[in-house]
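Report on the structure given below.
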Amino acid sequence: MVPQRRIDCLQELTTSAPKKCHMDTMTSSTVAGLLHVISSAVTPVVMISACASLILTINSKHQNIADRIRAIATEIRGACCTRDRRKQLIDELHVFQRRFTLTYIAHVALNIAVIVFVLSVILIIFTQRRLFESGAPTLGMFLLGTALMFVAMCCELVEISLSTRSMRIEIEDIVALQEKPDSPPPNPI
């Protein structure tokens, strides 16, 4: 069974007005092509959105770690800081320094991933418009962006494990204070 639209096009080809059928086919192929370009570009755009969400989260964490480092530095420089407390703060400072570095690497990797995903959208458009013959550069850019996101998430996992270490240092200090029965306050250095 032949669809009615196809029969109408065939009839118009045999009559004196074939342009309408040709224009209708041209319009539908153009629309189909545009829809293909849009659907191809959606995946990198979703990845850009995911990266943006992660960047906001990691930026907040990076700022909080920086604030904690400044607070530790202020406490270490203070006159009331005891020798034991200073040692504990310096141990904590080393952990925070590593956490700060890891969040920085994650932040940079995610920002580069956004750039790569934007470039992959541009490559998709060029490939669809037949300005590039191969889709390999597009796939390569997409895989590079995904790899950068993976690096950022690995840095975040290590940073999270380090956060438990810095909390353990604080908790051990508090528990040690609780175990000392009514001892006089320690003398500052």
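Bear in mind these aren't lab numbers, they're just calculated from the coordinates by the rules spelled out. Note that the coordinates shown come from a computational prediction; the quantities given were computed from them, not determined experimentally. Note: ideal-geometry Cβ built from the backbone for every residue, glycine included; neighbour counts use all protein chains shown.
Using mean Cβ contacts within 10 Å as the protection proxy, how do 136-145, 170-179, 157-166 order, highest first? Intermediate values should be presented prior to the final figure.
Numbers: 136-145: 17.0, 170-179: 10.8, 157-166: 15.0.
Highest mean packing first, the order is 136-145, 157-166, 170-179.
Can you give the Rg/Rh ratio of region 42-179, where Rg is from the C-alpha atoms and Rh is the Kirkwood radius? Kindly include the intermediate steps, with their values, before the conclusion.
Values: Rg = 21.2 Å, Rh = 17.3 Å.
So for region 42-179, dividing Rg by the Kirkwood Rh gives 1.22.
So how much slack lies between Thr82 and Arg165, counting 0.36 nm per residue of separation and subtracting their Cα-Cα distance, in nm? Intermediate values should be presented prior to the final figure.
Values: separation 83, 0.36 × 83 = 29.88 nm, distance 2.17 nm.
Here the segment from Thr82 to Arg165 would lengthen by 27.7 nm.
Which semi-axis lengths, in whole Å and largest first, follow from the square roots of five times the eigenvalues of the Cα gyration tensor of region 96-157? Present the calculation step by step, with values, prior to reporting the outcome.
Details: eigenvalues 191, 16, 6 Å².
Here the semi-axes work out to 31, 9, 5 Å.
Gain in length, Asn64 to Glu172, computed as 0.36 nm per residue apart minus the alpha-carbon separation, to one decimal in nm?
Full-extension gain reported as 36.7 nm.
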